[in-house]
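Data block below; observations after.
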2 protein chains.
Amino acid sequence: MRYRKIPDEAVWRLPMYLRGLLLSLEKSQETISSQELADFFGVHPWQIRKDFSYFGAFGTPGVGYKVKKLSTQIKKILNLHVSHKAVLVGAGNLGAVILAYPGFKIYGFEITAVFDNNPQKIGQKIENISIKDVSKLSLIKRQKIDLGIIAVPRKAAQEVADRLVEMGIKGILNFSPCRINVPKKVKVITIDIAMDLARLPYYIPSS
Amino acid sequence: MRYRKIPDEAVWRLPMYLRGLLLSLEKSQETISSQELADFFGVHPWQIRKDFSYFGAFGTPGVGYKVKKLSTQIKKILNLHVSHKAVLVGAGNLGAVILAYPGFKIYGFEITAVFDNNPQKIGQKIENISIKDVSKLSLIKRQKIDLGIIAVPRKAAQEVADRLVEMGIKGILNFSPCRINVPKKVKVITIDIAMDLARLPYYIPSS
């Protein structure tokens with residue numbers, strides 16, 4: 001399902017709200033107010049109400065939103081109501097961090113294949129997944145994998161992206177701090193941790 | 001310098017534009033159009049023009065923005081015109097990735113101290129920095145460090161954050177996938193890589 005009218009910036013915030021809702025569900029909380037969600041994420045309650053209004057979720061005044069219903073709605077909007085398989089390319093330090101990361105399961109992600117080009121790594125296992133030779137990336141074609149995670153050095157990133165696109169990957173999470181060119185049908189999100197750090201000094205007084 | 005009227009979302013995008021401008025500077029490009037920046041980052045040119053207008057940067061029609069002047073302006077707004085020192089707590093796989101990350105220098109960041117609680121790591125060096133015992137975190141007080149990076153397991157994150165705040169750290173980049181409570185004067189940005197992955201399926205058609 002896709003609601004085309006939802007602005008990108010609301011789409012950007014929805015996984016954040018979903019995380020809060022899922023945590024509340026774990027605690028068997030049945031309703032949540034926009035104020036509670038707002039406090040949790042440090043945004044304004046009106047922002048949350050506005051974001052939710054795009055897909056017709058209106059809380060009951062004095063009661064709030066129904067946690068379970070709202071999380072189901074958000075999952076459907078984000079296309080997270082079905083599970084997704086991902087392939088990881090790059091089994092270095094960063095790859096190991098990604099594989100050990102506990103957060104993916106929360107959203108229904110499973111990394112089912114790992115590739116590297118280092119002969120010393122190929123055949124070994126991390127987190128119970130055998131590392132395969134990246135030259136055999138076509139192995140993933142049979143596996144219904146739709147997401148790719150790139151954790152290779154910058155100079156190899158574009159080539160890996162090209163190969164992933166050839167294999168039918170539709171979305172890429174790119175950890176190499178560089179721009180990747182892909183056909184328009186493929187969505188890339190690049191994570192640049194330095195850029196996140198660069199957002200901090202604005203908020204802190206000069207010493 | 002701080003321009004209080006710039007909305008958070010524009011502040012969020014400024015480091016991205018700055019990255020584009022710095023890359024253009026490297027190539028000795030003197031002017032850049034909002035269209036060029038937009039193509040680079042996949043946003044709309046009007047978004048860029050709007051974001052820049054908050055601080056009075058108006059391009060010349062047909063010519064664009066002066067790259068050097070604009071990048072200096074953005075650095076001042078983001079408080080990146082001075083260099084910042086950062087302390088890293090956690091020297092595991094993730095810590096090693098962070099220390100090896102080439103992107104920090106671009107924005108004027110330097111990680112000058114690394115701490116861990118693992119006796120086997122304390123005293124060793126990564127990227128030429130000696131890992132120190134986290135119980136001696138007060139060592140940073142003399143070093144004019146204003147930013148902290150948390151790369152420890154989730155259950156230790158809050159305690160590390162409390163210690164960093166005690167030591168006068170004003171901004172924290174948190175890689176532990178959990179909420180951290182700090183006094184209002186301290187700004188925290190939490191990076192959750194699963195959340196970034198969770199933004200992808202919205203953009204890809206269901207198979």
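A short reminder: the numbers here are calculations on the coordinates, not readings from a lab. Keep in mind that this is a model prediction, so the values were computed, not measured. Note: ideal-geometry Cβ built from the backbone for every residue, glycine included; neighbour counts use all protein chains shown.
Observations, loosely collected:
- For B:LYS125, the aspartates and glutamates whose Cα comes closer than 17 Å to its Cα, not counting residues fewer than 8 places off in the same chain, are B:GLU110, B:ASP116, B:ASP133.
- Pairs of Cα atoms nearer than 8 Å and 6+ residues apart set the relative contact order; for chain B it is 14 percent.
- Taking the longest Cα principal axis of chain A as reference, the axis of helix A:8-26 is set at about 80 degrees.
- The longest part of chain B holding none of the exposed loop GluC sites (Glu not before Pro), meaning those outside H, G, I, E and B in DSSP with at most 14 other Cβ atoms within 10 Å, is B:31-126.
- Top positive-direction residue, dipole computed over the range A:8-77 with Cβ charges, set A:TRP46, A:PRO15, A:LEU70: A:LEU70
- The dipole here belongs to the range A:8-77: it is taken about the Cα centre, uses +1 on the Cβ of Lys and Arg and -1 on the Cβ of Asp and Glu, and is about 260 debye.
- Pairs beyond 22 Å (Cα-Cα), from A:LYS105/A:LYS136; B:LYS85/B:LYS141; A:LYS141/A:LYS184; B:LYS85/B:LYS170; B:LYS105/B:LYS170; B:LYS141/B:LYS185: A:LYS105/A:LYS136
- Whether the range A:84-195 is rounded, prolate or oblate, judged on the alpha carbon gyration tensor where a/c under 1.5 counts as rounded: rounded
- The protein assembly as shown - share of DSSP beta bridges that are antiparallel (%, nearest 5): 20
- Derived scalar couplings ³J(HN,Hα) [the range B:175-191; Karplus, 6.51 cos²θ - 1.76 cosθ + 1.60; whole Hz; x for Gly, Pro]: 9, 7, x, 7, 7, 10, 9, 9, x, 4, 5, 9, 9, 10, 10, 9, 9
- Our note on the geometry: Cα centres of the range B:158-200 and the range B:99-151, 16 Å apart.
- Relative to the longest principal axis of the Cα atoms of chain A, the long axis of helix A:67-77 lies at roughly 50 degrees.
- The GNM of chain A, with springs linking C-alpha atoms under 10 angstrom apart, assigns the highest mean-square fluctuation among A:VAL182, A:VAL152, A:VAL89 to A:VAL182.
- Positive-end ranking of B:ILE140, B:GLY90, B:GLY59 along the dipole of chain B, with charges on Cβ about the Cα centre, is headed by B:ILE140.
- Tensor-based shape of the protein assembly as shown (alpha-carbon gyration tensor, a/c under 1.5 rounded, otherwise prolate or oblate): rounded
- When DSSP beta bridges are restricted to pairs lying wholly in the range A:84-195, around 10% turn out antiparallel.
- Each principal axis of the Cα cloud of chain B was taken in turn, and the coordinate range along them, longest first, works out to 61, 50, 34 Å.
- With label points set 7 Å from Cα along Cα→Cβ, the inter-copy distances at B:SER83 are 4.9 nm, sorted shortest first.
- Chain A: calculated mean residue ellipticity at 222 nm from DSSP helix runs of at least 4, using -39500 (n - 2.57): -10500 deg cm²/dmol
- Charging the Cβ of each Asp and Glu at -1 and of each Lys and Arg at +1, and nothing else, the dipole of the protein assembly as shown about its Cα centre rounds to 480 debye.
- In the range B:138-172, the trypsin sites (Lys or Arg not before Pro) that fall in loop regions by DSSP, at most 13 other Cβ within 10 Å: B:LYS144
- Beta bridge orientation in chain B: antiparallel %, DSSP, nearest 5: 20
- Neighbourhood net charge (13 Å Cβ-Cβ; Lys/Arg +1, Asp/Glu -1) for A:VAL134: -1
- Using a 7 Å Cα-to-Cβ projection, A:THR31 label spacings across copies, nm, ascending: 5.9
- When you filter the chymotrypsin sites (Phe, Trp or Tyr not before Pro) in the range A:1-56 for DSSP loop state and at most 14 other Cβ atoms inside 10 Å of their Cβ, you are left with A:TYR3.
- Check: chain A dipole with +1 on Lys, Arg Cβ and -1 on Asp, Glu Cβ, in debye: 740
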